[in-house]
1. Check C:Glu97, C:Glu53 and return the single one that is open to solvent by less than 20 Å² (accessible area, probe 1.4 Å) and touching a residue at least 24 places away in the same chain (Cβ under 8 Å).
2. Being surrounded by 13 or more Cβ atoms within 10 Å (Cβ to Cβ) and more than 36 Å from the chain's Cα centre (by Cα) is the filter here; which residues of the stretch A:40-58 pass it?
3. If a residue has to be part of a helix (DSSP H, G or I), within 12 Å of another protein chain (Cβ to nearest Cβ) and at pLDDT 90 or above to count, how many in the stretch B:174-197 make the cut?
4. So which residues in the stretch C:211-246 are part of a loop (DSSP other than H, G, I, E, B) and buried (at least 22 other Cβ atoms within 10 Å of the Cβ)?
5. Please go through the stretch A:187-235 and pick out each residue that is within 13 Å of A:Met120 (Cβ to Cβ), aliphatic (A, V, I, L, M) and within 11 Å of another protein chain (Cβ to nearest Cβ).
6. What about A:Met292, is it of a type in the set (A, V, I, L, M, F, W, C), surrounded by 21 or more Cβ atoms within 10 Å (Cβ to Cβ) and more than 14 Å from chain B (Cβ to nearest Cβ)?
7. Quick one: how many residues across the stretch B:77-106 are more than 9 Å from chain A (Cβ to nearest Cβ), assigned to a helix (DSSP H, G or I) and not hydrophobic (A, V, I, L, M, F, W, C)?
8. If we only count helices (runs of 4 or more DSSP H) wholly inside the stretch C:113-204, which ones have 3 or more residues that are basic (Lys, Arg)?
Amino acid sequence: MLLPTLRRLAEMIFVMLGISIVVFLIFFATPGADPAARIAGRNATPEILAQVRHSFGLDRPLPVQYALVMERLFVTRDLTSFVNRGQRVIPAVIEATPVTLSLVLGAAVIWVIFAIIVGMVAAATRGGITDRTLMFLGLVGVSMPVFWVGSVMNLVTQSRFHNTWLFHWVPGLGYTPLLLHPWVWFKSLVIPWVTLAILYIGLYGRVLRANLVEAYQEDFIRTARAKGLSETRIMFRHALRTSLITFVSMFGLDFGALVGGGALLTEVVFGLPGVGRLTYEALQNLDLPFIMATVMYSSFFVVVANAIVDIAYAWLDPRVRDAR
Amino acid sequence: MPAEPSAPAETLLDVRNLSVSFRSEKGVIRIIEDISFSVGAREILSIVGESGSGKSITSLAVMRLITDPNAIIEGSIIYKGRDLLKLDPREMRDLRGRDIAMIFQDPMTAMTPVYTIGWQIEEQIRAHQKLSRRAARARAVELLGEMGIPAPARAATRYPHQLSGGMRQRAMIAMALSCNPSLLIADEPTTALDVTVQAQILELIQRLRRDFGSSVILITHDMGVVGTISDRVMVMYAGTVVERGPKPMVLAQPSHPYTLGLLRSIPPMHGERPFRLPSIPGSPPAPTARPAGCPFQPRCDFRFEPCGNRPPLFRHGAQEVACFLAADHLPDWDHERAIRAPGAAA
Amino acid sequence: MSGTRPTMLHAASVTKRFRVGSRFRTGGVQIVHALTDVSLDVFPGETVGLVGESGCGKSTLGRCLLRLYSIDDGRIAFQGKDITNLSQRELRPLRAEMQMVFQDPYSSLNPRRRVGDLIAEPLRVHGKRSEADVQNRLRELMELVNLSPDFLQRFPHEFSGGQRQRIGIARAIAMSPRLVVADEPVSALDVSVQAQIVNLFMDLQQKLGLTYVFIAHDLSVVRQIATRTAVMYLGGIVEIGDTDTVLHSPAHPYTAALISAVPEPDPHGNIRARTILRGEPPSPTNPPSGCRFHTRCPIAQERCGVEVPVLRPLDPGRRVACHFPLQSGEVAGHG
C-alpha cells in the first residue's frame, strides 16, 4: 500500500512541476508578453521599466526567474499582485478557497444524489414515459447555460418573488462564512448550489442511465435474477455498483476542475468571492502572480481529484486492483 | 442409482405446448414453436441443438428469465404441480435459486465482477434462508470444498477474475446448489472450458444427482457431452423438437435425418477415418428465415413429398421423431439411402 | 523423421517469451514462457496438427512459424531459407507463400468492404495483375471454396459463420500459398458446418497441393485432418508423430489423458469410465521444474520433478518427451 501511495505522490509532484513550468513559460517568457511592462504601468519610461525589471528579477535568466517566482509563491509566500500593489497572492487565494469549497461541495452532494436517483429511475423504467421525461429534463438541464440559470434564479428569488412565502428566506447576494453564521451560510448557498447542480444532474443522470442500461445486458444480471434476488437488490448491488465507474471518473475530474476555479460563472453571478472570481479578475487585469497562483492551485485540485478517482476505481472494481 | 431413464418415475417438470415469440418491426418472430417435454426426478435431460435452435431460450423460459417486454410466452410450464407461467413475480422469485437453479456458459461474465465468490454465494443463501452472515459464509466455504475447489476458505475471498475458468465454473455450480435445488439448468456449462477441465465439470454434474438428488437439464451443442452424462436426449432444430428419447436409443439409432447428420459429422475418435466427413449442407436457419413445413427439409438428403407439411412427433416405444420417414416405424437409413441412390427404382 | 527430406518449414529450438505487467506496477514485470525450445519440421504436402489446451502455446507457435511474432531464441527456415531474423518488410514477398486462417473470420474481415474487395486485397497488394485478371481469379477462388460468385458484391455481415470462414479461406489461398497455418478455424462453427469446413480444407489440399499446420483443441478434428500430430503442454511439444500412432497408442501420459477426456457420442458412454486428469495447467509465468507435466501426471516419479525430459524418438514415426513413456495399451482410453 505504501509503494503505490508514494508513487502517486511522486506523480502528483511531477505533474504540478510540469504545469508550473508551462504556466510560467506562457506568462513570463512568451515574446510580447513583457511582465515588466504590466507592472510598470502604461506610461512608464524605459528607465522605470529597466528598474522594475531589475527589482523583480526579470533581467535574470529564465530558470532563475522561474525559481524566484516559485520561491516567492511557495516558500516565502510574499508574491504580490502586479495590479493592486501590496496585495499578497497566497493569503488572497487561501481566503477565497472556503467560499469555492462551500459552493462546490454542496452542489456536488445535490448533483450526485439527484443524478443517481434520475439515472436509476430512468433505467428501471427504460423505454417508458418516465424514462423519456427524465431524459428530456436532463437534456434541458445540460443545455441551459449556468449564468443564465443563475440570473433567472436571482431574478426570481431576489426580486420578483422575494417577498412571497416561497423565497422570503433567501438572503441577499454574497457569502457568509460557515463558522460565523452556519444557518445564514446554508441559506445563502442553497440557490447557488441548485444552480450549479442542475447542469450536472442532467449530465450525470444521462450517463448513469446509459451505463445502467448497458449493465442490465450483462450476463451477471441474468445470474442475479436466476439466484432469485429482488429487482431492488439487483439494481443497487449488481447494476449500480458496476455502473458507477464512469460516473466516478467524471465526478473526480469535474469536482477537481470546479474547486480549481471552474465554478467562476456561478461565483460571479451570485457575488461569491471564490477562487473562480479571483481567477476571473486576475485574467481581466493580466495579473501574472495571481494567474500563476490560481492556476497552480487549480492544478493541485485536479491532480488530487485524479488520485482520489484512481483509488475509488480500485475500490469499485477489483479487476483494476490486480491490473496494477 | 439414477431413475430408470426411459420411464421417469415421477415428473418434476412438465412443459406443455411452449411457444416463445418476439414482437418486432418485421412482425412476430417465433423462436420456440410449440414444444413439450418433461423432466423426471433425478434425471439428466440433455437438450441438444445448434445456434438458433432455441435451446437456450427454452431454458430461460422455464426460469421465466426472458425479460424483454416484447416477448410472448405461451403454453404451460408445470413444476411440482404449479404452472410457473401463472405465478406472480414474487412467487417465481422465491422459486428461482431455491428450487430451480441455473448455471451459464461463461462464468467469467456470469458472475458480478466486483464481489468475491464467497459474497455471491452467501447472497444467494441469504436470499432464501434465514441464516446469519457467518453461517452463510460457512455454508459457502463448505460448498466450494464439495465442488473440489482446493483451499475453499481462501477461494471464497477471491474475485471471479482471479480464478481459472474451471474453478469459476465450480464456484458457479456451488452457488447454484447452495439452496439444494430440485432442478439445475446448465446452459452450455463446459463450452468455454478445456477438455480435461470439461471432463472434471461433467463428472461433477453427474455426481450432483447422487449427492444432492437434483434433476439436471443440460443445454449443449455437443453430442459428445450428451453421450457422456445424460439419461435422455431432446434434439432441437429451428425452435422445434425433432427427436427425443433415452440417450442409448437416440445415439445408437438416430431416427431423424438431422440427428443422424449431426452424429455423423463429428469426426470419430476410433476406427477408420472417413475420407470425407459426412456433413449437412447449408447452415441452420435464422429464426426470421425458417422454411415452411419440416424446418430441416431444405438441408435434408431424404426429403420427399410430405415434407412440405409440419411433421408431428411420431412415437415408437420410448423414442419420438418428428419426421415423416418415421411415420410407421423408425427409419432404416441404409434402406432409405439405397432407394434414393441414382439408378434405384423409386 | 528422415533428415534428408526437404522441409517446407523447419523450426529449431524456438523460444518465445512475453513480458506482462510493468516495472512501475506492483507485481513488476512477469515473463510468460509461451514457448520453450520447440522444434518442428513440416514437410511438403502434409498436415501437422497442433493440439493442446488453452495456454499451451499452440497459437503462439503458429504465429511464430509464420514470423508474425519475432522469436527470442531458435531458428525458423521456410523452404530452406532462414527467416528467423528477417524484418517484416523483408518478409513481405514471402507472405504470399505462407498464409494464416483465423478462428473468427468475422473479426478479421473489415465489415465495411465488399467480400470481393476483401479477397482481392492480397492480389492487388502483392501482384501486378490487371483488373480483369483479378476478377477472373476471384471467380476461380469462389468456386474453390464453394461460394456463389454473386456473393462477391456483398458485405461480411450478410454471411453465416461457415460462409465467412469460406471467405477467410479464399482470402488466404488467393496468392496460391504453399503453406497455410490455420488457427482453430472450425471451433467457432456449428457442428454441422464444422464438417463442411474440414472437408473443404482437405479438398483444397488435394487440389492445390497445400501444406497445413492445423491448430485445434478438438482432438477428433485433428484426427480427421492431420497426417502428423504434435501434442503441446505448457509451451512445449510433449509428443509428436503419425496421427494414428499418437492418438491410438499415446506414449505420453498427457496425450493419453487428453484423449480420454474427449467426450464421445457413445450410446453407453459414462463419465465414470474415464481417466480424468486432476487440476489445471499451471501458469506459464512460473512453469514447474523438470517435466512441466509432473504436477498433474498420474505416473510422475521423483525424477520427473528434477530432470527435463527431452523429445526423443520412441518408435518409428514418433517422438515423446517423457521419462516413463507408456507402453501401448497401458492407459485405457475408454472403458
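1. Values: C:Glu97 fails: open to solvent by less than 20 Å² (accessible area, probe 1.4 Å).
After applying the criteria, what remains is C:Glu53.
2. First, the residues of the stretch A:40-58 that are surrounded by 13 or more Cβ atoms within 10 Å (Cβ to Cβ): A:40, A:44, A:48-53, A:56-58.
Passing the criteria: A:Ala44, A:Ile48, A:Leu49, A:Ala50, A:Gln51.
3. Final tally of qualifying residues: 2.
4. Quick first cut of the stretch C:211-246, residues part of a loop (DSSP other than H, G, I, E, B) only: C:217-218, C:226-227, C:234-235.
Once the filter is applied, which keeps residues that are part of a loop (DSSP other than H, G, I, E, B) and buried (at least 22 other Cβ atoms within 10 Å of the Cβ), the stretch C:211-246 yields C:Ala226, C:Leu234, C:Gly235.
5. Scanning the stretch A:187-235 gives A:Ala215, A:Ile234.
6. Values: of a type in the set (A, V, I, L, M, F, W, C): yes; surrounded by 21 or more Cβ atoms within 10 Å (Cβ to Cβ): yes; more than 14 Å from chain B (Cβ to nearest Cβ): yes.
Answer is yes for this residue.
7. So the count comes out to 2.
8. On the way: elements: C:115-126, C:131-144, C:161-173.
Filter on the stretch C:113-204 gives C:161-173.
The values are calculated or read from the model by the stated rules, or taken from the named source; none is laboratory data. Predicted model only: the values in this text are computed from it and were never measured. Glycine gets a Cβ as well: all are built from the backbone with ideal geometry, and neighbour counts include every protein chain shown. Each accessible area value is taken on the protein alone, full model and side chains, heavy atoms only, with ligands, DNA and RNA left out. Shrake-Rupley method; radii C 1.70, N 1.55, O 1.52, S 1.80 Å.
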